[in-house]
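Below is one structure, written out as structure tokens, with a few remarks after it.
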Amino acid sequence: MKRKISIIISVVFAFVFIFNIMAFAALPETDSIMNNNTLETSTGFTISNNGTAYVSVSYTGYSNITTGAEISVVIKKNTFLWFTSTVVDETYNISASSYSNTYEYDLTSSGSGTYKCYVTYTVSGSGGADDVIPYEGQASY
């Protein structure tokens, strides 16, 4: 009888433990950090078959708080193993609380291959310290 009771208690503890793990795993993964001046950002990186890279950038700030942003775009080509060469290195200064644009870059002179794109938003305003929001994407042609 004691053995049956200990088995039942063990099974109950096992179910409780498994249920807690499953409930924790079902929680949504969020990447929303409380920012001082930025409500959200959206970034995309693609390369067409003819070697034109498209980097879409967008940020939304808080009205009467966000004053502008500096957007840095760096595109690097993987050359050999872990070696890379910088193909694009541009910085754009924006004076608006919200901004959206798609930048185009011609990569044909660098040839086909795998490229990585690094975008850094530095959004400033009266909400506190500047928000620095990074993005990294990869594409090939």
Q: At 0.36 nm per residue, minus the direct Cα-Cα distance, what do T79 and S6 gain on full extension? Give it in nm, one decimal, please.
A: 20.0 nm
Q | Nonlocal amide H pairs with Y62, under 5 Å, H built at 1.01 Å | A | L39
Q) P(r) of the range 38-140 in 5 Å steps, Cα pairs, percent per bin? A) 3, 13, 25, 20, 15, 11, 8, 5, 2, 0
Q.
If I model a spin label as a point 7 Å beyond the Cα along the Cα-Cβ vector, how far apart are those points for N64 and Y92 in nm?
A. 2.9 nm
Q. Which of the lysines could be linked to K4 by a straight reach, that is with a Cα gap under 16 Å, when you skip same-chain ones fewer than 8 residues away?
A. none
Q: Quote to one decimal, in nm, the extra length available between V132 and Y103 on full extension: 0.36 nm per residue of separation minus the C-alpha distance between them.
A: 8.4 nm
Q.
Can you return the lysines within cross-link range of K77? Criterion is Cα-Cα under 22 Å, with same-chain partners fewer than 8 residues away left out.
A. K116
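With the contact rule set at Cα under 8 Å and sequence spacing of 6 or more, what percent relative contact order holds for the range 38-140? Don't skip to the end; give the middle numbers.
Details: 246 pairs, mean separation 33.1, N = 103.
Relative contact order for the range 38-140 comes out at 32 percent.
Every read-out reported here was derived from the displayed coordinates using simple, explicitly stated rules and does not represent laboratory data. Just so it is clear, the structure is predicted and the values come from calculations on it, not from any experiment. FYI the Cβ positions are ideal-geometry reconstructions off the backbone, even for glycines, and counts take in every protein chain you see.
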